[in-house]
Amino acid sequence: MQTFDLEQNDLRTLNATLHAQKTNTNQTAWNIINPRGSHAIAVGLDAPIEVTVNGSTGYYCAGMNQQATVNVKGSVGPGVAENMMSGTVIIDGDASQYAGATGHGGLLVIKGNASSRCGISMKGIDIVVHGNIGHMSAFMAQSGTLVVCGDAGEALGDSLYEAQLFVRGSVKSLGADCIEKEMRPEHLAHLTELLTQAGSDAKPEEFTRYGSARQLYNFDVDNAGAY
Amino acid sequence: MKDEKSAIPRTEPIQSATFSNPVNAEIRRAAATGIYDIRGGGAKRKVPHFDDLLFLGASISRYPLEGYREKCETSVKLGTRFAANPIELDIPVTIAGMSFGALSGPAKEALGRGASAAGTSTTTGDGGMTPEERGHSSKLVYQYLPSRYGMNPDDLRKADAIEIVVGQGAKPGGGGMLLGQKISDRVAEMRNLPKGIDQRSACRHPDWTGPDDLEIKILELREITGWKVPIYLKIGGTRPYFDTTLAVKAGADVVVLDGMQGGTAATQDVFIENVGLPTIACIRPAVQALQDLGMHRKVQLIVSGGIRTGADVAKAMAMGADAVAIGSAALIALGDNDPKWETEYQKLGTTSGAYDDWHEGLDPAGITTQDPELMARFDPIEGGRRLKNYLKVLTLEAQTIARACGKNHLHNLEPEDLCALTLEAAAMTGIPLAGTNWYPGKGY
């Protein structure tokens, strides 16, 4: 286990060191201490390394992650794991706005709550939130899966494309073109797998599935009121 | 009685300037369809432009350079503020961002070929980077857009610069729409969406909102790319003084400023014609902002929107731009709106020079389409050659003017080399009205 102290060294050195692991992967476990809410911690990683951040972070922690596993032992600011391509990001605390925004792949687990616009414009990422999520989550979500073990705020899944949403608790309101859908066996199987990966003991059958009504896929003036 | 009436002179039919035939036709079209008009291109209305400025050549007070003997340099270095590897271009004319999706793959390839042969850069667009484009572009700027269609860190690292698109001149404050008919299998796959559905491009970024957030976003992009490549910020011309100031404070290396004549692949006509500033009205406030911050020439300014000739290039640079970008003119150089396709333009209800329904994917020239048969009409090698030629002409023309003004580098052109032909142009640019030393707003 390598330890990197952000009180002793700067962010540039940290990220450069982690990026260098792509060609030198014998140091696979990294422990970052004293993050002190810094932005852009462990961004752009592209190696099968394990990074533990001991404390809370600012914006864009683990942004554009590929292959790596990043575990934050605290809460994260806006845009955690934004545009993630692969790998796993686990947040022990809460996440601010835009968690997993535009993510293309990988798994983002938030063990606390996530704020507004969680999973905005997601493009293949899987997100599991153990707690609640805020308003306008999964806005224009294209693909991937958002699982919410708690409640969802207003306008869930507004202008949704093909992403799948599962919510165990209440949904304050659904956004334009987002509807409740039938939970079929294949959905239960997929949900079970994600909950297991995310370390949640929630029961899949307690969830409701939401998806796109596909009424806004091609512009129709009769739907103008929905835009 | 009848003869007496016919002898009375009649009032001639007068068309209303307000309710003109084109206006009335649009009212009838709207009444028939219930939907606004969508088109490509930039503002078609007449606005004050570079044509309203003239150069003051050298005479006794200044001496010119010999046209065929004395050098006039044209190179430009972009991204000198923070990037370890600034972009060095042979000419100060770059190719603006245009998406694969809006344009065909061969058209993007031709842009890369032409730009590379002329020693300049080209730019991706919404929808990501294609291997053809990267392969044929010696210097490629990667656009980072609100939709993040096709956005991935591997391509980000392949780029020679990153351009964060906040807005564009044709539709500042607006998003975009790639209609379903242009969504081929390949376009759909790159954008992670099903084939055939409309692909909406958001009007603002999904993970930052204000200038303070933007500064952190730029930090993230620099960290991911190791502080190697320049980061541009592209803004639509609306409040250029404040936007340029905020772009510099957020940490941009380069500001790309796009006026309302700048084109788009598709948006509402009402948006294109009624939102934003003419290009010449954008430049002075932006340059003033850079000067007030002590950053003029340290943060480079690229101006776009209606650049057509070397005179336009020289005028933008004399006003303080470091470089310009062309989009519509580059497409015309490739063959867009060429009269040789007139018969087909007429079948589409238009005429060459006026065709702007690029979003429908029926471009007879095979440039703004994903239809395999139409695309096959366009030869990317010939298109690249034509673009290279055009870029060389732009450069030669700008050099000709600069030498006449006594300048041995295009960057040495200055506002004092210009005069304005109209009060409006003088007011917008702060360049004195021809024959005077005065412009509106300047005290006597």
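Please treat every number below as a calculation from the coordinates, not as lab data. Source: prediction; values computed, not measured. Backbone-built Cβ (ideal geometry, glycine too); neighbour counts: all protein chains shown.
Of all DSSP beta bridges in the protein assembly as shown, what percent run antiparallel (nearest 5)?
Percentage antiparallel, nearest 5: 20.
I need the phi-derived Karplus couplings for the stretch B:394-400: 6.51 cos²θ - 1.76 cosθ + 1.60, θ = phi - 60°, integer Hz, Gly and Pro marked x.
Computed from phi, the couplings for the stretch B:394-400 are 3, 5, 4, 5, 5, 5, 4 Hz.
Using Cβ contacts closer than 10 Å as the measure, can you line up B:Thr74, A:Thr69, B:Thr120, B:Thr350 from fewest to most?
Sorted ascending by nearby Cβ count, the order is B:Thr350, A:Thr69, B:Thr74, B:Thr120.
Along the principal axes of its C-alpha atoms, what lengths does chain A span, in descending order and rounded to whole Å?
So the extents along the principal axes, rounded to whole Å, are 59, 37, 28.
Where does each of A:Lys73, B:Lys108 land when they are ranked from fewest to most other beta-carbon atoms within 10 angstrom?
With the fewest neighbours first, A:Lys73, B:Lys108 line up as A:Lys73, B:Lys108.
Collect residues whose amide H, placed 1.01 Å from N in the peptide plane, falls under 5 Å from the amide H of A:Val53; neighbours closer than 5 in sequence don't count.
Residues meeting the amide H criterion: A:Ile32, A:Asn71, A:Val72, A:Lys73.
Starting from the Cα coordinates of the stretch B:304-373, work out the convex hull volume and express it per residue in Å³.
Measuring per residue, one finds 98 Å³ for the Cα hull of the stretch B:304-373.
In degrees from 0 to 90, rounded to the nearest 10, what is the angle of the helix A:11-20 Cα long axis to the longest principal axis of chain A?
Compared with the principal axis, the helix lies near 90 degrees.
Where does the charge balance sit around B:Ile38 when Lys and Arg score +1, Asp and Glu -1, over other residues with C-beta under 10 Å from its C-beta?
Net local charge, B:Ile38 excluded: -4.
Expressed in whole Å with the largest first, what are the equivalent ellipsoid semi-axes of the stretch B:38-429 derived from the C-alpha gyration tensor as the square root of 5 times each eigenvalue? Don't skip to the answer; put the middle values down first.
Values: eigenvalues 189, 123, 81 Å².
Listed largest to smallest, the semi-axes of the stretch B:38-429 are 31, 25, 20 Å.
Toward the positive end of the charge dipole of chain B, about the Cα centre and with charges on Cβ (Lys, Arg +1; Asp, Glu -1), which of B:Ala289, B:Ile35, B:Ala25 goes farthest?
B:Ala289
Let me confirm one metric for peptide B:34-46, namely the mean number of other chain beta-carbon atoms within 10 Å of its residues' beta-carbons.
The per-residue average across the peptide is 1.
Might you report the magnitude of the Cβ-based charge dipole of chain B about its Cα centre, with Lys and Arg at +1 and Asp and Glu at -1, to the nearest 20 debye?
Roughly 440 debye for chain B.
Quick one: 3J(HN,Hα) in Hz for the stretch A:73-89, Karplus 6.51/-1.76/1.60 with θ = phi - 60°, rounded, Gly and Pro as x.
8, x, 9, 10, x, x, x, 4, 6, 4, 6, 4, 9, 6, x, 9, 10
If you take the charge dipole of the protein assembly as shown about its Cα centre, with +1 on Lys and Arg Cβ and -1 on Asp and Glu Cβ, which of B:Gly105, B:Gly435, B:Phe271 is farthest toward its positive end?
Farthest towards the positive end: B:Gly435.
Quick one: grab the alpha carbon gyration tensor of the protein assembly as shown, order the square roots of its eigenvalues as a ≥ b ≥ c, and give me rounded if a/c is under 1.5, else prolate or oblate depending on whether a/b is larger than b/c.
oblate
Using the Cα gyration tensor of the stretch B:1-155, with a ≥ b ≥ c the square roots of its eigenvalues, what is the shape: rounded (a/c below 1.5), prolate (a/b larger than b/c) or oblate (neither)?
Values: a/c = 3.65, a/b = 1.57, b/c = 2.33.
Judged from the Cα gyration tensor, the stretch B:1-155 comes out oblate (a/c at least 1.5, b/c at or above a/b).
Regarding the stretch B:69-227, what is the average projected area of its C-alpha convex hull, in nm²? All intermediate terms of the calculation are to be shown ahead of the outcome.
Values: hull surface 42.5 nm².
That works out to 10.6 nm², a quarter of the Cα hull's surface.
I want to check the label-to-label distance for B:Phe19 and A:Ala20. Put each point 7 Å from Cα in the C-beta direction and report it in nm to one decimal.
So the two model labels end up 7.6 nm from each other.
Would you look at the GNM of chain B, springs on alpha carbons closer than 10 Å, and say which of B:Met317, B:Met129, B:Met190 moves the most?
Largest GNM mean-square fluctuation: B:Met190.
Quick one: net charge of B:Leu374's neighbours, Cβ under 10 Å, K/R +1, D/E -1?
Net charge in that neighbourhood comes out at -3.
From the phi of every residue in the stretch B:21-32, what ³J(HN,Hα) in whole Hz does the Karplus formula 6.51 cos²θ - 1.76 cosθ + 1.60 yield, where θ is phi - 60° and glycine or proline is x?
My calculation for the stretch B:21-32 gives 4, x, 5, 5, 4, 5, 4, 5, 5, 5, 5, 6 Hz in order.
To the nearest 20 debye, what charge dipole does the stretch B:259-321 have about its Cα centre, counting +1 at the Cβ of each Lys and Arg and -1 at the Cβ of each Asp and Glu?
320 debye
Amide H to amide H, which residues 5 or more places from B:His296 or on other chains are under 5 Å from it, using H placed in the peptide plane?
Sorted by chain and number, the residues that satisfy this are B:Gln291.
Which order results if B:Thr400, B:Thr369 are arranged by neighbouring Cβ count within 10 Å, fewest first?
If I rank by nearby Cβ atoms, fewest first, I get B:Thr400, B:Thr369.
Give me the base-10 log of I(q)/I(0) for the stretch B:291-444 at each q in 0.19, 0.21 Å⁻¹, Debye formula, one uniform scatterer per Cα, rounded to two decimals.
Results for the stretch B:291-444 at q = 0.19, 0.21 Å⁻¹ read -1.11, -1.24.
Might you report the magnitude of the Cβ-based charge dipole of the protein assembly as shown about its Cα centre, with Lys and Arg at +1 and Asp and Glu at -1, to the nearest 20 debye?
I would put it at about 1140 debye.
5 Å is the cut-off here: which amide hydrogens, built 1.01 Å from N in the peptide plane, fall below it relative to B:Glu163, excluding neighbours closer than 5 in sequence?
B:Tyr142, B:Gln143, B:Tyr144, B:Tyr232
Per DSSP H run of at least 4 residues, take -39500 (n - 2.57); add these up for chain B, divide by its residues and hand me the 222 nm value, nearest 500 deg cm²/dmol. It would help to have the intermediate numbers written out before the result.
On the way: 16 runs with 153 residues, N = 444.
The per-residue figure over chain B is -10000 deg cm²/dmol.
Hey, what angle do you get for helix A:185-197 against the long axis of chain A, alpha-carbon based, 0 to 90 degrees rounded to 10?
Value to nearest ten degrees: 20.
Using a Gaussian network model of chain A with C-alpha springs under 10 Å, which one of A:Glu162, A:Glu193, A:Glu50 is most mobile by mean-square fluctuation?
A:Glu193
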